[in-house]
Amino acid sequence: MRRCVLGGVGLPRHSVGQSTGCGRRSAVHSVDDMMTTQLPTSAEKTLMSTTHHTRQRIPTPRDVLRRLPGDAAYLFLSWPVALLAFALACMFFGMVSSVVLAPVAVPVALLVASWAAQTERRLLRRFQGVDDAHGAYYPLRQDDSMVAKAWTLVRDPQRWLDAVWSAVGWVISTITWIILITLWGTVIGLVFWPAWGWALPQDGSGSLAGLIFGFTSYGAQAVVEVVFGILLLMIAPYVTVGLAHLQSLASRAILSSRSQQQVIEQLRSSRDAGRSAETDQLARLERDIHDGPQQRLVRLKVDLARIERQLGSDSPAAESIRAAIVSTQDTLEELRALSRGIAPPTLTELGLVAAVRQAAARPTVPVSLTTNLPEERGVLPSHVEQAAYYVISEALTNVAKHSGARNAYVELTVDHHELVVAVTDDGVGGADLAKGSGLRGLAERLRSVDGRLSVDSPTGGPTTLLALIPHGRRCTDADRARR
């Protein structure tokens with residue numbers, strides 16, 4: 001660990017627990033034990049990542065009745081397709097033991113399984129309203145030979161997933177189909193029992209009323225059977241919808257997993273490209289501001305100073321010239337601050353540690369920086385470094401303006417998957433992520449890079465702002481050696 005003290009001389013030193021690997025991070029303590037910042041364990045980070053829960057809404061009776069026809073049709077039609085596919089697949093895969101038939105039987109079996117999988121996907125789209133029921137197949141080119149096409153079929157992972165579904169889907173659809181037919185057959189039989197119950201023995205041995213309650217009269221049996229039928233009729237739609245939901249989840253998990261993963265990879269790639277383009281654009285904007293307006297303002301200030309000297313201090317216009325020089329200097333400082341906020345030159349040229357050290361030197365509150373990152377550029381992805389710098393810069397600005405702190409501490413720690421940023425001060429506390437618009441802005445900025453923010457700020461202090469930013473790089477032996 002490297003430690004540097006910025007913004008003041010004689011800052012009290014604080015102890016830092018030694019790292020024991022990529023997964024462990026150090027704890028920061030002040031000398032007077034007023035402040036204790038323990039970086040989170042993996043369990044605590046998991047808890048932070050599950051802060052926002054998605055609650056599954058319980059379907060209303062209207063929703064169930066609206067979905068019932070489609071779900072019943074899906075369950076009823078999927079079993080015959082699964083049965084046919086399973087029988088054909090078993091027949092062709094059974095030929096694998098033959099050296100002569102295997103080269104033909106395996107591709108044909110995979111084609112049969114793919115046909116059944118595509119039919120299942122069409123049923124999902126038609127009756128379940130599933131938009132992502134697609135397969136990710138290797139393309140079969142028309143100009144390829146039969147051997148090349150057969151080899152493409154055999155080495156396609158999606159085809160083998162379809163083959164797995166031909167067996168798993170048959171088992172699942174058989175269970176759901178039996179439950180569906182038995183359930184609704186029982187409902188219909190009970191509700192309409194008065195229309196056919198007269199053909200049963202009159203001693204009650206052929207009815208639920210006779211078996212359960214011992215009724216022997218036809219009227220009493222009819223009433224009990226119809227009541228049971230109505231009760232079961234109220235439950236049957238929920239059971240049907242639940243069975244269809246479970247079967248669709250299983251089929252999508254097997255049949256659409258590759259296509260969903262491809263979509264995720266495409267989204268991740270496009271997001272990374274957007275982040276890279278944004279980073280380049282911000283760096284270009286900073287250079288344009290530095291090389292354009294800033295230089296012209298500096299030249300204007302020099303020209304005004306020369307005019308002031310030429311006019312002399314006794315000239316009536318000298319006071320106006322001096323005011324213009326002060327205004328020009330203020331504008332230049334504001335423009336430099338804006339430029340640093342867009343894309344600090346130190347961050348792009350020297351790296352995150354140097355940029356944080358420069359940011360820590362600006363506030364009036366002394367800041368101690370501890371890090372296990374190397375002091376060089378390009379250690380982490382640019383969007384991660386920019387987000388971390390933004391969080392630290394804003395946090396230190398808030399410390400200087402609102403906390404009343406005497407000291408502040410910044411710790412940058414990288415592990416296998418995340419960059420951990422901890423900013424602590426010994427101020428008055430009371431910061432609230434739910435109330436402060438500035439803190440909410442930091443949380444939104446971190447969310448744009450899949451990061452998370454937490455604030456621990458009891459009244460009276462100390463305040464700890466903790467940011468976790470995924471960086472997508474593994475901890476290397478060189479990282480461990482630096483510790």
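Here, each number is a calculation from the coordinates, and none is a lab measurement. On a predicted model such as this, the values are computed, not experimentally measured, just so you know. Using ideal geometry, Cβ is built from the backbone for each residue, glycine included, and neighbour counts are taken over all protein chains shown.
Of the residues in region 406-427, not one is surrounded by fewer than 21 Cβ atoms within 10 Å (Cβ to Cβ) and of a type in the set (G, A, S).
Could you please find all residues in region 359-398 being among the aliphatic types (A, V, I, L, M), in a helix (DSSP H, G or I), under 17 Å from D426 (Cα atoms) and in contact with a Leu (Cβ under 9 Å, 6 or more places away or on another chain)? Reasoning before the result, please.
Filtering region 359-398 down to residues among the aliphatic types (A, V, I, L, M) leaves 359-361, 365, 367, 369, 373, 379-380, 384, 387-388, 391-392, 395-396.
Imposing the further condition that a residue be in a helix (DSSP H, G or I) reduces the set to 359-361, 384, 387-388, 391-392, 395-396.
Restricting the remaining residues to those that are under 17 Å from D426 (Cα atoms) gives 360, 392, 395-396.
The answer is A360, I392, A395.
Among all residues of region 434-449, there is none that is within 30 Å of the chain's Cα centre (by Cα), crowded, with 22+ Cβ neighbours inside 10 Å and not hydrophobic (A, V, I, L, M, F, W, C).
Condition check ((1) hydroxyl-bearing (S, T, Y); (2) touching a residue at least 24 places away in the same chain (Cβ under 8 Å); (3) closer than 29 Å to P59 by Cβ) across all residues:
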| site | (1), (2), (3) |
| --- | --- |
| A222 | no, yes, no |
| V226 | no, yes, yes |
| L232 | no, yes, yes |
| I254 | no, yes, yes |
| R258 | no, yes, no |
| S270 | yes, no, no |
| P293 | no, yes, no |
| R296 | no, no, no |
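Among the residues making up region 105-155, those that are within 34 Å of the chain's Cα centre (by Cα) and under 17 Å from L84 (Cβ atoms) are A113, S114, W115, A116, A117, Q118, T119, E120, R121, R122, L123. Taking each residue of region 153-165 that is touching a residue at least 12 places away in the same chain (Cβ under 8 Å) and looking for partners that are among the basic types (K, R) and surrounded by fewer than 22 Cβ atoms within 10 Å (Cβ to Cβ) with beta-carbon atoms closer than 8 Å, six or more apart or interchain, yields P157/R258; Q158/R258; L161/R258.
So which residues in region 147-201 are crowded, with 17+ Cβ neighbours inside 10 Å and not in a helix (DSSP H, G or I), if there are any at all? Result: D156, single match.
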